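As structure tokens, the structure follows; a few thoughts come after it.
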């Protein structure tokens, strides 16, 4: 039961994303033409991707990797 709760908690965690919306259009004869909309969001990577790719974790990742190889 606890495993199911932990898995659901990890899957349902809220996303902290910084989103920006831009809209551009030309006006001709009081009508919008060439309307272009852009919606971009920047999300942080999950903890596993940060652990593998972020430079502040490179020593910890190396130690974990070496420990896993040693125990194989």
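Could you list, in sequence order, the residues of the range 25-52 that are under 27 Å from the mean Cα position of the chain (by Cα) and either outside any helix (DSSP H, G or I) or more than 30 Å from residue 62 (Cβ to Cβ) (or both)? Explain how you work it out, then say what you get.
Just the residues of the range 25-52 that are under 27 Å from the mean Cα position of the chain (by Cα), to begin with: 36-52.
Answer for the range 25-52, where residues must be under 27 Å from the mean Cα position of the chain (by Cα) and either outside any helix (DSSP H, G or I) or more than 30 Å from residue 62 (Cβ to Cβ) (or both): 36, 37, 38, 39, 40, 41, 42, 43, 44, 45, 46.
When the residues of the range 1-24 are narrowed to those that are touching a strand residue (DSSP E or B) at 6+ places or on another chain (Cβ under 7 Å) and within 30 Å of residue 60 (Cβ to Cβ), which ends up modelled with the highest pLDDT? Can you show your working first?
Taking the range 1-24 and keeping what is touching a strand residue (DSSP E or B) at 6+ places or on another chain (Cβ under 7 Å), we get 15, 17-24.
Narrowing the set further to residues that are within 30 Å of residue 60 (Cβ to Cβ) leaves 15, 17-18.
Values: 15: 59, 17: 64, 18: 76.
For the range 1-24, the residue satisfying everything is 18.
Report, by residue number, each residue of the range 38-53 that is exposed (fewer than 10 other Cβ atoms within 10 Å of the Cβ) and under 18 Å from residue 21 (Cα atoms).
38, 39, 42
Within the range 16-37, work out how many residues are surrounded by 10 or more Cβ atoms within 10 Å (Cβ to Cβ) and on the phi > 0 side of the Ramachandran plot.
The number of residues fulfilling the criteria is 0.
The values are calculated or read from the model by the stated rules, or taken from the named source; none is laboratory data. All of these numbers come straight from a predicted model, not from anything done at the bench. Don't worry about glycine lacking a Cβ; one is built from the backbone with ideal geometry, like all the others, and counts go over all protein chains shown.
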